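Colleague: Input: one structure, supplied below.
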Amino acid sequence: MNKKGLSILMRTKMRPNNDPSKLSSFSPSLSNGINQMMTDPPRNQRSTDDSRSNFSASGNHYERNFDIVKDSMGLAISLNKTESLDVVLDDFSQGYFSLSNENRKKLVIVLAKEYDLDRIQVRELLKQYLGLELRSGDEGELSNVDDENMFSAFYRIERNLRQALKPTYNVLFERLNNYTGGLKFLSLLRADILSFLGEENIASLRALDSCLKEKLSTWLSPAVLELHQITWDDSASLLEKIVTYEAVHPISNLLDLKRRLGVGRRCFGYFHPAIPGEPLIFIEVALLKNVAQTIQEVLLDVPPIPEHEAACALFYSISSTQPGLAGINLGKFLIKRMITLVKRDMPQISTFATLSPIPGFMQWLLSKLASQSVIAEVDNMEQPTGGSGSAFQENLLEPDEERMLLNSAPETCAGKNGMEVMLNLLTSENYEWTSSAELLSALKPPLMRLCARYLLQEKKRGKALDSVANFHLQNGAMVERLNWMADRSERGLRQSGGIMVNYVYRVECIEQYAQSYFSAGHIHASSDIRHYIRAHKEPEETTIA
């Protein structure tokens, strides 16, 4: 093994907060060897995730007194002496990460409530504003002097209102943004806020999060982000982060990593000068002759085609590295910049597409099957001699599909009707249905049709229910093709029954498609996709509040 490969392995193993599943993806012999050689890394080699561990002094871990950290935070907001500000901000940031999770939550709630805006002042200003008289044009001409006097009062109160509507914690955010390491701190702080909101939905915390998200969106605008092509020649520390943060298709070993960065492949990342050496988001691209239908075509160790023969740039993985940047759509800008760069360097490439997972499909389908089975059973009990049934009852299967499932199902997955059989099959242990050609043949028609329905018709607040679909559609893509058994991994089967989808970015239509989706929730899709649901009576779009 070369020096770089060993370094990447060692650095990956030394990350204390790594996902165990990612560590276990390396061979046991290599992992054991690394474990034997490992020592505590020097401070300058530690991952930024180490900043979440307790503050260390003289080798002993301790938690700072909560009130001291709270006072430090107050000083960071109120201090006027510029020359002392960095020292105070440094003290506060170290103190924050020394706290337990419980005390961090307590401190963040203090920040949200005690450093909120002054509503008494806002109400007083509003009273003053509403007390001003705005003369209408039909009351006669005003002199320039009267005009100025009348509007000067409006301008003054409006200016004071804008200032009063800014929460005091704005000062802390802005000061941290100008402090070395402060942007990373703010990202970690927001990750904590989102975690606390997941535990308890507190209105003041929501307002705090909204304010910080807006600030981060401004500070992370495309104008200040740097696009960098990541290659095997980059530092071991950067490549280690690619291994660690890959969220869609885990990198199995060093050969896999080298292949993803080699001939016929591209990896691009967005970087910010204030967080050097760490991509905020990165995208992996395969250069192919045609749009791939299975992830095996992309990830298997087969010789890539010569790059000059490529006609398609396929995005097969987009990973965000910062949980605190959730909801800030850096991927939209990354995709557009990447398309521009690839078209400039390889003008023969005419197709830009994805091979994407459908993470919410199986959860939605199993829930529908379970609920419909219960409804059908209740209806049969209430109307044993037949009848119209409940208004909520819906047979998710076509007659031919139900007949095939009932005829193909083994005794262990038998049921009273096709939906119950389908539910039993899809929830069977070890996905046994994937090993039977007969069951695969019986399940393919309903699964593909229901998947098309899920992507095109199931909505949440007027937008696609599936998170990955919503991401690509709001960025201007269209739904092009469903791919049967495209991902046979445990994750792929659990999330979507092995089905994957191609989204296509038609360069000339990106802005038009994004706008129609944003304004009206319109989903652009190929005729092949719509064919799955045209033959079936289309249910009304389901909207989830």
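Colleague: With the requirement that a residue be open to solvent by less than 50 Å² (accessible area, probe 1.4 Å) and part of a helix (DSSP H, G or I), what does the range 470-494 give you?
Modeller: The answer is Asn470, Phe471, His472, Leu473, Gly492, Leu493.
Colleague: So which residues in the range 342-368 are in a helix (DSSP H, G or I) and either under 29 Å from Lys460 (Cα atoms) or open to solvent by 40 Å² or more (accessible area, probe 1.4 Å) (or both)?
Modeller: Within the range 342-368, Lys343, Arg344, Asp345, Phe361, Met362, Gln363, Trp364, Leu365, Leu366, Ser367, Lys368 meet the criteria.
Colleague: Then there is this: Looking only at residues in the range 495-510 that are more than 30 Å from Lys444 (Cβ to Cβ) and touching a residue at least 40 places away in the same chain (Cβ under 8 Å), which one is least open to solvent (accessible area, probe 1.4 Å)? Reasoning before the result, please.
Modeller: First pass over the range 495-510, keeping only residues more than 30 Å from Lys444 (Cβ to Cβ): 507-510.
This time we only want the ones that are touching a residue at least 40 places away in the same chain (Cβ under 8 Å), so: 507, 510.
On the way: Val507: 68, Ile510: 15 Å².
Here the residue is Ile510.
Colleague: Sticking with this one: Considering only residues that are touching a Gly at 6+ places or on another chain (Cβ under 8 Å) and part of a helix (DSSP H, G or I), which ones fall in the range 495-510?
Modeller: Of everything in the range 495-510, those that are touching a Gly at 6+ places or on another chain (Cβ under 8 Å) and part of a helix (DSSP H, G or I) turn out to be Gln495, Cys509, Ile510.
Colleague: Six or more apart or on different chains, Cβ under 7 Å: which pairs go from a residue in the range 170-189 that's of a type in the set (Ser, Thr, Tyr) to one that's open to solvent by 20 Å² or more (accessible area, probe 1.4 Å)? Could you list them?
Modeller: As it stands, the answer is Tyr179/Asp86, since those pairs meet every condition given.
Colleague: Out of Leu111, Leu79, report the one residue that is open to solvent by less than 50 Å² (accessible area, probe 1.4 Å) and touching a residue at least 60 places away in the same chain (Cβ under 8 Å).
Modeller: On the way: Leu79 fails: touching a residue at least 60 places away in the same chain (Cβ under 8 Å).
The match here is Leu111.
Colleague: Could you grab me the full set of residues in the range 323-341 that are over 16 Å from Leu288 (Cβ atoms), outside any loop (DSSP other than H, G, I, E, B) and not polar (S, T, N, Q)? If you could, list the steps in order and put the result at the bottom.
Modeller: Filtering the range 323-341 for residues over 16 Å from Leu288 (Cβ atoms) gives 323-337, 340-341.
Checking the rest, the ones that are also outside any loop (DSSP other than H, G, I, E, B) come to 323-325, 330-337, 340-341.
Pro323, Gly324, Leu325, Leu330, Gly331, Lys332, Phe333, Leu334, Ile335, Lys336, Arg337, Leu341, listed by residue number.
Colleague: Answer yes or no: is there a residue in the range 300-308 that is assigned to a helix (DSSP H, G or I) and acidic (Asp, Glu).
Modeller: Within the range 300-308, one or more residues are assigned to a helix (DSSP H, G or I) and acidic (Asp, Glu).
Colleague: Name the one entry in Glu246, Glu240, Glu278, Glu200 that is loosely packed, with under 13 Cβ neighbours inside 10 Å and either among the acidic types (Asp, Glu) or touching a Cys at 6+ places or on another chain (Cβ under 9 Å) (or both).
Modeller: Values: Glu246 fails: loosely packed, with under 13 Cβ neighbours inside 10 Å; Glu240 fails: loosely packed, with under 13 Cβ neighbours inside 10 Å; Glu278 fails: loosely packed, with under 13 Cβ neighbours inside 10 Å.
After ruling out the rest, the residue left standing is Glu200.
Colleague: Out of (1) in contact with a helix residue (DSSP H, G or I) (Cβ under 7 Å, 6 or more places away or on another chain); (2) surrounded by fewer than 21 Cβ atoms within 10 Å (Cβ to Cβ); (3) more than 30 Å from Phe518 (Cβ to Cβ), what's the single condition that is false for Met448?
Modeller: Single failed check for Met448: (3).
Colleague: Still on this structure, please answer the following. When the residues of the range 403-418 are narrowed to those that are open to solvent by less than 30 Å² (accessible area, probe 1.4 Å) and in a helix (DSSP H, G or I), which ends up modelled with the lowest pLDDT?
Modeller: Within the range 403-418, the match that is modelled with the lowest pLDDT is Cys413.
Colleague: Return the residue satisfying two criteria in turn: it lies in the range 143-172 and is modelled with pLDDT under 95 and among the β-branched types (Val, Ile, Thr), and of such residues it is farthest from Glu214 (Cα to Cα).
Modeller: It comes out as Val145.
Colleague: Consider Leu456 carefully, then state whether it is surrounded by fewer than 22 Cβ atoms within 10 Å (Cβ to Cβ), more than 17 Å from Ser317 (Cα to Cα), aliphatic (A, V, I, L, M) and more than 22 Å from the chain's Cα centre (by Cα).
Modeller: Values: surrounded by fewer than 22 Cβ atoms within 10 Å (Cβ to Cβ): yes; more than 17 Å from Ser317 (Cα to Cα): yes; aliphatic (A, V, I, L, M): yes; more than 22 Å from the chain's Cα centre (by Cα): no.
Taking the combined requirement at face value, the residue does not satisfy it.
Colleague: With open to solvent by 30 Å² or more (accessible area, probe 1.4 Å) and over 16 Å from Tyr505 (Cα atoms) as the only criterion, which of Ala326, Ala310 stands out? Break it down into steps so the answer makes sense when it comes.
Modeller: On the way: Ala310 fails: open to solvent by 30 Å² or more (accessible area, probe 1.4 Å).
Within the list Ala326, Ala310, the selection yields Ala326.
Colleague: Given Arg259, Arg190, Arg206, which one is modelled with pLDDT under 95 and outside any loop (DSSP other than H, G, I, E, B)?
Modeller: Details: Arg190 fails: modelled with pLDDT under 95; Arg206 fails: modelled with pLDDT under 95.
Checking each option against the conditions leaves just Arg259.
Colleague: In addition: Taking only the range 511-529 into account, find how many residues are surrounded by fewer than 15 Cβ atoms within 10 Å (Cβ to Cβ) and part of a helix (DSSP H, G or I).
Modeller: Quick first cut of the range 511-529, residues surrounded by fewer than 15 Cβ atoms within 10 Å (Cβ to Cβ) only: 511-512, 515, 518-520, 522, 526-528.
After this cut, where a residue has to be part of a helix (DSSP H, G or I) as well, the list is 511-512, 515, 518-520, 527-528.
The total comes to 8.
Colleague: Related question: Is it fair to say Leu465 is at pLDDT 90 or above and either out of contact with any strand residue (DSSP E or B) (no Cβ under 8 Å at 6 or more places or on another chain) or open to solvent by less than 10 Å² (accessible area, probe 1.4 Å) (or both)? Give the steps one after another, and end with the answer.
Modeller: Details: at pLDDT 90 or above: yes; either out of contact with any strand residue (DSSP E or B) (no Cβ under 8 Å at 6 or more places or on another chain) or open to solvent by less than 10 Å² (accessible area, probe 1.4 Å) (or both): no.
The answer is no for Leu465.
The values are calculated or read from the model by the stated rules, or taken from the named source; none is laboratory data. These figures come from a predicted structure and were not determined experimentally. Reconstructed Cβ throughout: ideal geometry from the backbone, glycine too, with neighbour counts over all protein chains shown. The accessibility values were calculated without ligands, DNA or RNA, using every heavy atom of the protein model including side chains. Shrake-Rupley method; radii C 1.70, N 1.55, O 1.52, S 1.80 Å.
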